[in-house]
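For reference, the structure is listed below as structure tokens.
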Amino acid sequence: LGEDVGVKYITKQDVLNNISIIKIADEFGIKLSPAFSGNFDLRCRCPSQEHKSGNERTESLYIDSQENNFYCFGCSSGSSVIDFYMSCADLDFKSAMADLRKRVDPKKAKGGRFVQKNNNFSILLDISSMFRETMLSNPRDLKWISTIMKRSDDYIVDIDSSDIKKAKQLKDKINSVLKDRYSK
Ligand SMILES: [Zn+2]
């Protein structure tokens with residue numbers, strides 16, 4: 001009983017600081033390969049149901065095992081161990097949190113291994129939604145949009161995940177390139 005009571009006080013931050021993406025990947029039998037892109041040191045096939053249904057063959061999900069976060073270049077998903085677990089177990093946020101909370105030892109929760117630093121993932125997600133919206137509203141221009149997306153992805157791979165300034169610059173740049181083409 002004592003432990004159950006403790007679990008109630010495990011916060012989202014405690015989960016983020018204590019449960020490693022590597023361990024979850026291992027649990028779901030996901031094969032990890034080394035990666036050498038910015039802060040990303042591991043990569044794997046994306047466990048997201050949406051992405052999997054497209055029969056993904058390349059390992060487009062990149063993991064930063066030090067900061068315990070990830071980004072999938074295939075489906076633009078990210079970024080925490082909670083999102084990763086939601087994809088693996090195909091659960092919504094609430095159910096995923098209920099599972100993950102139980103894995104954190106209440107006695108050790110506050111001394112977590114992973115201390116979250118600021119990262120640029122929300123900006124990267126903004127960039128991909130900009131592209132998605134542009135594709136939807138300009139279906140006849142997919143070829144050009146794909147070219148720009150590819151160029152942007154190539155650039156993103158070289159940006160450190162803690163480099164918020166560069167990610168913002170890229171977002172502004174893309175925004176202005178898209179505006180130039182689509183506003184009269
Ligand atoms: Zn994916």
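So for TYR9, TYR85, what's the accessible-area order with a 1.4 Å probe, most first?
The residues order as TYR9, TYR85, largest area first.
Between the stretch 114-184 and the stretch 19-73, how many Å separate their Cα centres?
21
For a 29 Å ceiling on Cα separation, which of these pairs sit above it: LYS108/LYS166; LYS12/LYS165; LYS143/LYS173; LYS143/LYS171; LYS150/LYS179?
Among LYS108/LYS166; LYS12/LYS165; LYS143/LYS173; LYS143/LYS171; LYS150/LYS179, the Cα-Cα distance tops 29 Å for LYS108/LYS166.
Going highest first, how would you order 140-146, 127-133 by mean Cβ packing within 10 Å?
With the highest mean Cβ count within 10 Å placed first, the list reads 127-133, 140-146.
Rounding to the nearest 10 and keeping the result within 0 to 90°, find how far the Cα-based axis of helix 142-157 lies from the longest principal axis of the chain.
50
Would you mind getting the accessible area per residue of the chain, heavy atoms of the protein chains only, 1.4 Å probe, in Å²?
Solvent-accessible surface per residue comes out at 61 Å².
Say we join alpha carbon atoms closer than 10 Å with springs in a Gaussian network model of the chain; which of GLY29, GLY74, GLY112 then has the biggest fluctuation?
Between GLY29, GLY74, GLY112, it is GLY29 that shows the largest mean-square fluctuation.
Give me the one-decimal nm value for the distance between modelled label points at GLN66 and GLU50, 7 Å along each residue's Cα-to-Cβ direction.
Here the modelled spin labels are 3.0 nm apart.
Against the longest alpha carbon principal axis of the chain, how many degrees, from 0 to 90 and to the nearest 10, is the axis of helix 164-182 turned?
Tilt relative to the chain: about 40 degrees.
Does anyone have the angle between helix 93-102 and the longest principal axis of the chain? Alpha-carbon axes, 0 to 90°, nearest 10?
Around 40 degrees separate the two axes.
Return the single residue from ARG43, ARG151, ARG103 with maximal mean-square fluctuation; model: Gaussian network over the chain, springs between Cα atoms under 10 Å.
Of the options given, ARG151 has the highest mean-square fluctuation.
Share of the stretch 83-184's accessible area from carbon and sulfur, percent, 1.4 Å?
52
The values are calculated or read from the model by the stated rules, or taken from the named source; none is laboratory data. Please read these numbers as outputs of a predicted model, since none were measured by experiment. Here the Cβ is made from the backbone with ideal geometry for all residues, glycine too, and neighbour counts use every protein chain on show. Ligands, DNA and RNA are stripped out before the accessible areas are found, and what is left, the full protein with its side chains, is counted by its heavy atoms. Shrake-Rupley method; radii C 1.70, N 1.55, O 1.52, S 1.80 Å.
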